[in-house]
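Here the structure comes first, spelled out in structure tokens, and everything after it is commentary.
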Amino acid sequence: MAAAEKIEPSVSSDHHWLPFTPNRDFHAEPKMFSRAEGVYYYTPDGRQVLDACSGLFTTPIGHGRKEIAEAVYKQLLELDFVSSFQRSHPKAFEAAERVANLTPEGLDKIFFCNSGSEAVDTAMKIAMAYHRARGQGSRSMFVSRERAYHGVGFGGVALSGLVNNRRTFGPGLPNAIHMRHTHLKENLFAMGEPEHGADLAEDLLRAINLHGAENIAACIVEPIAGSTGVLVPPKGYLKRLREICTQHGVLLVFDEVITGFGRTGKAFAAQSFGVKPDMMTMAKAITNGVQPMSAVAVDNSIYKTIVEDSPNPKAANEFFHGYTWSAHPAACAAAIATIDIYEKERLFERANQMSAYFLEGLISLKDIPIVTDIRGYGMAGGIDVAPTQIPGERGHMFQKKLYDNGLHLKTTGDCGILAPPFTMTTDHIDQMVDICRKTLTAM
Ligand SMILES: Cc1ncc(COP(=O)(O)O)c(C=O)c1O
């Protein structure tokens, strides 16, 4: 483009390649937001759209919180960047401490990254480094699950249980094996933890029996599989995974990128389900979505093995890994301001209190003919719609029509995923359910 040529940016501009989006369809029918406040987005023509997905599971406090914006602004004026390698800054330590105050006891070491995908890859590397450091370097396989989503790095692609992740890019890293998913016919329309399916945890034991525990580094699962439709773990399932991992020296990693920071009514799903993993990944709501940031919370014993007990000279890195923007000052400032709000406004308790009303509203949509399943836990829920002959087509239409009708959510395939801000009132939830009903009934 000639330098002098001034083009007003618009959707008709050809330059922005949207991620995870049917670009041709988007350009034909753009779905844009230009402003947000509280639980509402606003379209460029000023229409109000209720945010039923906290952005992308990122913004449970709601939009436009001045305290977070001001903390970021102030931080950028004071210290805008510091090398994350061999240098640091006070807010990095403060943010790590604030996060560690929320994690289950013992998961006290916080490694910062910038996205959920990076956190997952980092957790995989920590698992491998840990086993090597303790003389069990043959442990290089990972067990995850069908219908899992662990991001888009090659590690995450390998762990994810999604065919579309692999159709284009192949299997990602070798040595990932998958347990069956837990979405069972017997549990259709079950809200909360379903009754059936705890025995599916035995798939981990089958993997161990087939490959040998001495070859398996970690079992990585989302406590609730979020992106593929809010698949809530059957009663007892996560506890059984914990038992098997402990028995066989396999690390248990919870990917809490969606479930972290109150979505399940406690700080983390690990606490809601009473199961302590060895590592947890988190992102999104760590800064209320305001700055890119993610983290891995690591058990002290793993850190000790890799770092404190390292036989290498003190001048050598104990863990050869990190990102330029790990613990970026602005992200740390945003995380601290966000956690301040979570605590002052007791928002995790609020999520817990609002959950019953939200889940009742969701399940009230059960009678709509095209709805084939509804599930939910805490402040997250999934609504499956009957597919057309083209899988995902109806889900896509659902999300587009909702936008036109004033509601924002995420769809994956033929599932609509709701994860409202914890600051929603019962009136907002009623509005959300009404728009869903109107839209689904008309489809
Ligand atoms: C459980 C889980 N892990 C990892 C990711 C990847 O996060 P990101 O898109 O920030 O890389 C996601 C994204 O939704 C996720 O839900």
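Bear in mind that the values in this text are calculations on the coordinates, not laboratory data. None of the values given here were measured: they were computed from a predicted structure. Note that we place each Cβ from the backbone using ideal geometry, even for glycine, and neighbour counts take in every protein chain shown.
Scanning the chain for chymotrypsin sites (Phe, Trp or Tyr not before Pro) in DSSP loops with at most 11 neighbouring Cβ atoms within 10 Å leaves 86-319 as the longest stretch between them. Applied to the range 17-30, the Karplus parametrisation 6.51 cos²θ - 1.76 cosθ + 1.60 on θ = phi - 60° returns per-residue 3J(HN,Hα) values of 8, 7, x, 6, 9, x, 4, 5, 5, 4, 5, 6, 9, x Hz, with x for Gly and Pro.
Its Cα gyration tensor gives the range 289-443 an equivalent ellipsoid; the semi-axes, largest first and in whole Å, are 41, 20, 15. Stretching LEU188 away from ARG437 to a fully extended chain increases their span by 87.7 nm, per 0.36 nm per residue minus the current alpha-carbon distance. When the Gaussian network model of the chain links Cα atoms closer than 10 Å, the mean-square fluctuations of GLY156, GLY116, GLY413 top out at GLY413. Shown here for the range 285-368: trypsin sites (Lys or Arg not before Pro) in loop regions (DSSP other than H, G, I, E, B) with at most 14 other Cβ atoms within 10 Å, namely LYS314, ARG346. Comparing mean-square fluctuations of ILE258, ILE208, ILE383 from a GNM of the chain with C-alpha springs under 10 Å, the top value falls on ILE208. Taking amide H atoms as placed 1.01 Å from N in the peptide plane, the amide H of HIS181 lies under 5 Å from those of GLU146, each 5 or more residues away in sequence or on another chain. Amide H to amide H, with H built 1.01 Å from N, VAL143 comes under 5 Å of ILE177, ALA218, CYS219, ILE220, counting only residues 5 or more places away or on other chains.
With a cut-off of 19 Å, note down the residues of the range 250-270 whose backbone N falls inside the zone around a label point 7 Å from the Cα of PHE319 toward its beta carbon. Only 250-257 fall inside the zone, counting backbone N under 19 Å. Rounded to the nearest 20, the Cβ-based charge dipole of the chain about its Cα centre (Lys and Arg +1, Asp and Glu -1) stands at 500 debye.
Residues whose amide H comes within less than 5 Å of that of LYS410, counting only those at least five positions distant or on another chain, are ILE417 (H built at 1.01 Å from N in the peptide plane). When the pairs LYS284/LYS344; LYS284/LYS366; LYS266/LYS401; LYS239/LYS400 are compared against a 27 Å limit on Cα-Cα distance, LYS284/LYS366; LYS266/LYS401; LYS239/LYS400 fall above it.
Given 0.36 nm per residue, what is the gain on full extension from ASP340 to ARG47 after removing their alpha carbon distance, in nm? Before the final figure, lay out the partial values.
Values: separation 293, 0.36 × 293 = 105.48 nm, distance 3.15 nm.
In short, 102.3 nm is gained.
Straight-line reach from LYS314: taking Cα to Cα under 23 Å and skipping same-chain neighbours fewer than 8 places apart, the lysines in range are LYS109, LYS125, LYS304.
Here the calculated FRET efficiency for GLU29 and LEU56, from their Cβ-Cβ distance with R0 = 30 Å, stands at 0.90, rounded to the nearest 0.05.
For LYS74 and GLU360 in one chain, what is 0.36 nm times their gap in residues minus the Cα-Cα distance, to one decimal in nm? Before the final figure, lay out each step's value.
On the way: separation 286, 0.36 × 286 = 102.96 nm, distance 4.21 nm.
The LYS74-GLU360 span can extend by a further 98.8 nm.
Here the Karplus curve 6.51 cos²θ - 1.76 cosθ + 1.60, taken at θ = phi - 60°, turns the phi angles of the range 194-203 into couplings of x, 6, 9, x, 4, 5, 5, 5, 5, 4 Hz, with x standing for Gly and Pro.
The HN-Hα couplings worked out from phi for the range 106-116 by the Karplus form 6.51 cos²θ - 1.76 cosθ + 1.60 (θ = phi - 60°) are x, 8, 9, 9, 10, 10, 8, 9, 10, 8, x Hz, whole numbers, x standing for Gly and Pro.
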